[in-house]
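Reviewing the structure listed below.
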Amino acid sequence: MKQALVIKPNIKDEYFFDEGCFILELSNSEDDTGVSIAQARVKPNTTTELHKLDKTIERYVILEGSGAVTLGKSQPIAVGKHDVVLIPENHPQAICNTGSDDLIFLVICTPRFKPNNYIACS
């Protein structure tokens, strides 16, 4: 990182990712290659695609809603507000919104997320 800065994302930049959720990139740039931060939003009764990230450690920080996360071949594990899910690189994962409101969580990746590191497992 070359200098201190404040990033002000625009909610209008949220987009639908083929994985099955909406993504708002909060910080993901060449200026800070060590980490990326995104907000993910999963609609009720929706499960994201089973996937893994090559060369990338991922963390989910649940902000709102309730869900169930599948890690590898484990049974789904219930998650809710303030839970943190740690996902090693190349570890299959999916999350399901089990509630009636949107499931919203931060996705923190180290190093930063790059689309070519995404691998669908289905």
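The values are calculated or read from the model by the stated rules, or taken from the named source; none is laboratory data. Quick caveat, the model's predicted, so the values are computed rather than measured. Neighbour counts run over all protein chains shown; Cβ positions are idealised from the backbone, glycine included. Accessible surface areas use protein heavy atoms only, side chains included; no ligands, DNA or RNA. Shrake-Rupley method; radii C 1.70, N 1.55, O 1.52, S 1.80 Å.
Before moving on, here are some points about what is shown:
- Residue match in segment 52-68 (condition: in contact with a Cys (Cβ under 9 Å, 6 or more places away or on another chain), basic (Lys, Arg), at pLDDT 95 or above and under 18 Å from Asn117 (Cα atoms)): yes
- Taking segment 63-122 as the range and being more than 17 Å from His51 (Cα to Cα) and of a type in the set (S, T, N, Q) as the test, the residues that pass are Ser66, Thr98, Ser100.
- When segment 22-31 is filtered for residues that are of a type in the set (Asp, Glu), outside any strand (DSSP E or B) and out of contact with any Leu (no Cβ under 9 Å at 6 or more places or on another chain), only Glu30 remains.
- Here the strands (runs of 3 or more DSSP E) wholly within segment 38-122 that include at least 2 residues being open to solvent by less than 60 Å² (accessible area, probe 1.4 Å) and either in contact with a Gly (Cβ under 9 Å, 6 or more places away or on another chain) or of a type outside the set (A, V, I, L, M) (or both) are 51-53, 57-64, 66-71, 77-80, 93-97, 103-110.
- Some residue of segment 99-107 being of a type in the set (A, V, I, L, M, F, W, C), touching a Pro at 6+ places or on another chain (Cβ under 7 Å) and under 13 Å from Thr46 (Cβ atoms): no
- Pairs, first without any contact (Cβ under 8 Å) to a residue 12 or more places away in the chain and over 19 Å from Thr110 (Cβ atoms) in segment 62-90, second open to solvent by 70 Å² or more (accessible area, probe 1.4 Å) and in a strand (DSSP E or B), C-beta under 8 Å, six or more apart: none
- Cβ-Cβ under 7 Å pairs, at least 6 apart or on other chains, segment 2-20 side farther than 16 Å from Leu106 by Cα and open to solvent by 90 Å² or more (accessible area, probe 1.4 Å), far side not β-branched (Val, Ile, Thr) and not in a loop (DSSP other than H, G, I, E, B): Lys2/Asp31
- Lone unmet requirement of (1) free of Cβ contacts under 8 Å to residues at least 24 places away in the same chain; (2) surrounded by 12 or more Cβ atoms within 10 Å (Cβ to Cβ); (3) farther than 22 Å from Cys121 by Cβ for Thr33: (1)
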